[in-house]
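No value in this document is a laboratory result; all are computed from the given coordinates. Please read all numbers here as calculations on a predicted model, not as lab measurements. Cβ: placed from backbone, ideal geometry, glycine included. Neighbour counts: every protein chain shown.
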């Protein structure tokens with residue numbers, strides 16, 4: 001979805017809707033980061049569960065006129081880095097006023113146990129269970145972060161179909177530390193966040209948590 005930002009009010013209004021994933025993709029996906037090229041001509045989005053980078057071409061009216069979904073990324077990409085010929089890294093396109101407001105806003109922390117998180121991830125990444133070679137290629141991209149010994153341990157778990165232990169270790173050893181560092185750095189009110197417990201991985205548990213959250217929001221003063 002393409003939005004128009006009003007710098008005076010900080011409000012967003014929808015302008016255009018275009019899928020961020022390739023045609024025919026039927027799984028669950030969400031975009032972890034969006035960046036704009038320094039010249040303002042291109043928009044890039046990192047698709048976590050599709051493991052791709054979407055590229056959108058803008059025209060002068062700020063409408064998207066072309067898109068490319070063919071850029072493969074590492075396992076569940078978190079960020080997009082833009083490099084121009086002089087070696088500099090491109091800047092995040094989100095207006096400072098908007099990102100500042102987001103980071104200064106109240107936070108909600110969703111909590112559940114590791115077993116439930118593992119179940120959810122196994123559902124979303126089921127295609128990796130059927131294509132281990134693709135999984136190994138994605139894990140190899142993490143060698144610089146974790147070393148060959150740990151990557152070999154993760155691959156060994158996958159090779160013997162120890163998927164629950166494999167996912168649990170990825171969460172505890174890779175994703176959780178990265179998200180913890182990023183969240184505390186970027187969200188100043190995280191320490192005061194209200195915690196909402198999600199009892200299990202089933203849809204009903206998430207519905208109950210959402211209802212509790214909405215009920216509590218209605219009780220807050222305007």
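Contour minus end-to-end for residue 173 and residue 127, with contour as 0.36 nm per residue of separation and end-to-end as the Cα-Cα distance?
Numbers: separation 46, 0.36 × 46 = 16.56 nm, distance 2.19 nm.
Taking 0.36 nm per residue and subtracting the Cα distance, the gain is 14.4 nm.
Kindly put 18, 151 in sequence by how many other C-beta atoms sit within 10 Å of each C-beta, fewest to most. Before the final figure, lay out the partial values.
Working: 18 12, 151 17.
Neighbour counts put them in this order, fewest first: 18, 151.
Where does each of 174, 184 land when they are ranked from fewest to most other beta-carbon atoms within 10 angstrom?
Values: 174 18, 184 11.
Ascending Cβ contact count within 10 Å gives the list 184, 174.
Using a 7 Å offset from the Cα along the Cα-to-Cβ direction at both residue 114 and residue 188, what is the distance between the two label points in nm, to one decimal?
Computed distance between label sites residue 114 and residue 188 equals 3.5 nm.
Provide 188, 198 in ascending order of the number of other Cβ atoms located within 10 Å of each residue's Cβ, fewest first. Mind showing how you got there, number by number?
Numbers: 188 12, 198 19.
Ranked by crowding around the Cβ, least crowded first: 188, 198.
Between residue 96 and residue 149, how high is the FRET efficiency from 1/(1 + (r/R0)^6) when r is the Cβ-Cβ distance and R₀ = 35 Å? Nearest 0.05. List each step's numbers first, then the result.
Working: r = 42 Å, r/R0 = 1.20.
According to the calculation, E is roughly 0.25.
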